Amino acid sequence: MAKEKPASAIPQHVAIIMDGNGRWAQKHHLPRLSGHEAGRKSVKQVVQAAMDHGVRYLTLYAFSVENWQRPREEVQGLMGLLRGVIREELREMGKEGIRLRTIGRQQDLPEAVREELERAIEETKANTRLDLILALSYGSRVEITEAMQALGREVKAGKLDPEKIREETIASYLYTHGMPDPDFLIRTSGEMRVSNFMLWQISYAEIYVTPVLWPDFGKKDFSDALADYAGRDRRFGGV
Ligand code: FPP
C-alpha cells in the first residue's frame, strides 16, 4: 500500500513567476502576444493541477508594475487577454469552487478590466476550494511603501504606538493581509531572480526554478515541482 504523505508535503500556498512567454513566441516565430495567449493554457492546467494536489492558495504573477513600460500594443493585448479570461472562466470558477482575488494596484487597470475583476471577485467570494490570487500591477516595493504610508498615518493620528509595531502589524497592511505566506515559489524559464515579487512574504519559501518556458509548463511540470518540494527539509532557521 502506498504510504500517505504527511500534510506538510503539499505546500498550502504556491506562488508562481510565470516567465518566458516572449521567448516561447520568439522560438515559434510568433508575435509576443501569441506567447501570452499560449501562457493562458498553462494557467488553466496549473490551476487544475493545484486543485488536484490539494493546494489551497495559488498566486500568479500576471502583470508587474514594471510591465506598464512594455510597448503599448503588448500592454493592451495583455489587458484584453486578462479581461477575456476572467469573463470566459467565471462559470468554471464557480463550478470548481475557486475564489478569485487580486493583489496589486487594481486602480491602475483599465476600467473594463477592473469591472470584470470586481464582478468575478464578488461572485466567487464564498468559494473555498482554491484561492486563485492574481498579482496585477503588482510590485513588492510599492506594496511595502504603501503599507508604510498607511502605518505612518495611523501613528500620526495617535492610533498606533510605534513601539507596538510587530511583524504581524506590518503584514496586516500588505495586499496579502489574511493570507498565509507562500511555502513554495516557482519560477519558469530559468532566470535566477525574484523580480520584486512578494519580497516580504517569501521570506521562508522554498524556491524552485525550472528552465521550462511558461507556455510549455503543464500539469506534469507542476507535479514534478511539488515532488521536489516534498523532498525539501524546511527548517525555518532552526536545526
Ligand atoms: C512573462 O513572460 C509573462 C507575463 C508578463 C504575462 C503573464 C500572462 C499570462 C500567462 C497570460 C494569462 C494570465 C492570466 C492570469 C489569465 P515574458 O513576456 O516576460 O517572457 P520573456 O521574458 O520570455 O520575454
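Restricting Glu115, Glu88, Glu96 to those that are of a type outside the set (A, V, I, L, M, F, W, C) and either touching a His at 6+ places or on another chain (Cβ under 9 Å) or within 11 Å of the ligand (Cβ to nearest atom) (or both) reduces the list to Glu88.
The number of residues in the stretch 111-128 being loosely packed, with under 14 Cβ neighbours inside 10 Å and not in a helix (DSSP H, G or I) comes to 3. For the stretch 11-25, indicate whether the set of residues that are in a helix (DSSP H, G or I), in contact (Cβ under 8 Å) with a residue 40 or more places away in the chain, away from the ligand (no atom under 12 Å from the Cβ) and over 14 Å from the mean Cα position of the chain (by Cα) is non-empty. No, every residue in the stretch 11-25 fails to be in a helix (DSSP H, G or I), in contact (Cβ under 8 Å) with a residue 40 or more places away in the chain, away from the ligand (no atom under 12 Å from the Cβ) and over 14 Å from the mean Cα position of the chain (by Cα).
When the stretch 36-46 is filtered for residues that are near the ligand (Cβ under 9 Å from one of its atoms) and buried (at least 22 other Cβ atoms within 10 Å of the Cβ), the ones remaining, listed by number, are His36, Gly39, Ser42. Comparison of Glu143, Glu154 shows that the only residue that is touching a Leu at 6+ places or on another chain (Cβ under 9 Å), without any contact (Cβ under 8 Å) to a residue 24 or more places away in the chain and surrounded by 11 or more Cβ atoms within 10 Å (Cβ to Cβ) is Glu154. Among the residues of the stretch 53-72, just one is away from the ligand (no atom under 13 Å from the Cβ), in contact (Cβ under 8 Å) with a residue 24 or more places away in the chain and part of a helix (DSSP H, G or I), namely His53. Among residues that are of a type in the set (D, E, K, R), surrounded by 18 or more Cβ atoms within 10 Å (Cβ to Cβ), modelled with pLDDT of 95 or more and closer than 25 Å to Ser140 by Cα, Arg187 is included. With the requirement that a residue be touching an Asp or Glu at 6+ places or on another chain (Cβ under 6 Å) and either surrounded by fewer than 18 Cβ atoms within 10 Å (Cβ to Cβ) or among the polar types (S, T, N, Q) (or both), what does the stretch 72-88 give you? Answer for the stretch 72-88, where residues must be touching an Asp or Glu at 6+ places or on another chain (Cβ under 6 Å) and either surrounded by fewer than 18 Cβ atoms within 10 Å (Cβ to Cβ) or among the polar types (S, T, N, Q) (or both): just Arg87.
The values are calculated or read from the model by the stated rules, or taken from the named source; none is laboratory data. Note that the coordinates shown come from a computational prediction; the quantities given were computed from them, not determined experimentally. Cβ coordinates were reconstructed from backbone atoms using ideal geometry, including for glycine residues, and neighbour counts include every protein chain displayed.
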